[in-house]
Amino acid sequence: MARQAVILGVLFCPFGPLSMTILPVSDSYHYCEQTARREAGNFYHAFRVLPRRQRQAMCALYAFLRLTDDLGDGPGSAEEKRALLVDWRQRFERALDGDYSHPLHPAFHHTIRLHGIPARYLQDVIDGVEMDLHITRYRTFADLYQYCYRVASAVGLACIHIWGFEDQRAKEYAESAGIAFQLTNILRDLGEDAGRGRVYLPVEDLDRFRYPAEKLVSGTQDECFRSLMRFQIERARHYYDASQPLAGLLPPAGRAVYLVMSRTYRGLLDAIERRDYDVFSGRVSLSHWRKLGLVVQALPVRLGWV
């Protein structure tokens, strides 16, 4: 209940019970940057290779995503969380008209206008978070694709507007990157999600490899599971490969950040494979130094040397 109280306090009384003062845009960006610094981990260091305006915009986008995700994943019943998301969506829509009611809003509205981010991408993200409140199984990969698009590809599409692009094919590649990233998240979190009653792997795949969802809850790692995981990793790699041309369509700073993100998520996929697909005995992750190393590796790209 403590976390829910914090969420409710931030959303419904962000400035204290006696004050509805709207933060100046500069202070709002500071709020977003503090949120990203606290919550985004090593991705925050990747944001720092961007020029100031783009770095601020990425922090504002991240803060919106973090707050939205927290509403969907926090404590409370599905109906309570749905009501919070409905209110959050309405307040976001009002913020687009300059009616701000959260410390995030001035900076996020400025970011959306400055970089021409279509609002539908942010609406898609809220739609995706809402899906988790009433969908616990996906019958086909086509069904799962829609979820992945909303919670990840829509984010990538917003990002490329911040980073800058001219070739419209960048949108197709950004969509593929988002699918790849989310499929990797799903594989990494299989056991944790199953314990919460969520199974993202399509029923058609579980049936094909004769691995019932109940085995995910118990963490059964038999040959059926390994065959299923090999198939899932191959599918994710297909989307990584499909997204590869995106890097070449981005300016140096955006290319650098994108490469950090892509190499991080692809590194997680490789780590799952090296562990013989064991995603149950401990959380798969890259070390702090490995992630910082990816940021350093991207610096020559940021400087336009490669």
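The values are calculated or read from the model by the stated rules, or taken from the named source; none is laboratory data. This one's a predicted model, so the numbers in the text were calculated from it and none came from an experiment. We place every Cβ from the backbone using ideal geometry, glycine too, and count neighbours over all the protein chains shown. The protein model used for the area step is the full one, side chains on, heavy atoms only, and it has no ligands, DNA or RNA in it. Shrake-Rupley method; radii C 1.70, N 1.55, O 1.52, S 1.80 Å.
Listing for the model above:
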quantity: Sulfur and carbon atoms: percent of accessible area, the chain [1.4 Å]; calculated: 52 percent
quantity: Nearest-0.05 FRET efficiency for residue 83 and residue 244, computed from C-beta distance (R0 45 Å); calculated: 0.60
quantity: Segment 49-80 and segment 242-306: distance between their alpha carbon centers, rounded to Å; calculated: 21 Å
quantity: Assigned charges on the beta-carbon of Lys, Arg, Asp, Glu; the chain dipole about Cα centre (debye); calculated: 920 debye
quantity: Value of relative contact order over the chain, rounded to a whole percent, pairs C-alpha under 8 Å and six or more apart; calculated: 18 percent
quantity: Dipole of segment 25-90, positive direction: furthest Cα of 34, 51, 67, with charges on the beta-carbon; calculated: 51
quantity: Cα convex hull volume per residue for segment 46-126 (Å³); calculated: 97 Å³
quantity: Residues of segment 115-222: accessible area per residue with a 1.4 Å probe, Å²; calculated: 40 Å²
quantity: Residue 27-residue 52 pseudo-label distance in nm [points 7 Å out on the Cα-to-Cβ vector]; calculated: 2.0 nm
quantity: Estimated FRET transfer efficiency when R0 is 30 angstrom, pair residue 172-residue 73 (beta carbons, to 0.05); calculated: 0.50
quantity: CD proxy at 222 nm, helix term only [per DSSP H run n ≥ 4: -39500 (n - 2.57); per residue of the chain; nearest 500]; calculated: -22000 deg cm²/dmol
quantity: Heavy atoms of residue 32 accessible to a 1.4 Å probe, total area in Å² rounded to 10; calculated: 0 Å²
quantity: Kirkwood hydrodynamic radius over Cα pairs of segment 163-295, then Stokes diffusion coefficient at 4 °C and 1.567 mPa s, in µm²/s; calculated: 82 µm²/s
quantity: From phi via Karplus (6.51, -1.76, 1.60), per-residue ³J(HN,Hα) for segment 105-114 in Hz, x at Gly/Pro; calculated: 4, x, 5, 5, 4, 4, 4, 4, 6, 5
quantity: Overall form of segment 170-215 per C-alpha gyration tensor (a/c, 1.5; a/b vs b/c); calculated: oblate
quantity: Segment 64-77 - phi-based ³J(HN,Hα) in whole Hz, Karplus 6.51/-1.76/1.60, Gly and Pro as x; calculated: 4, 5, 5, 5, 5, 5, 4, 5, x, 9, x, x, x, 6
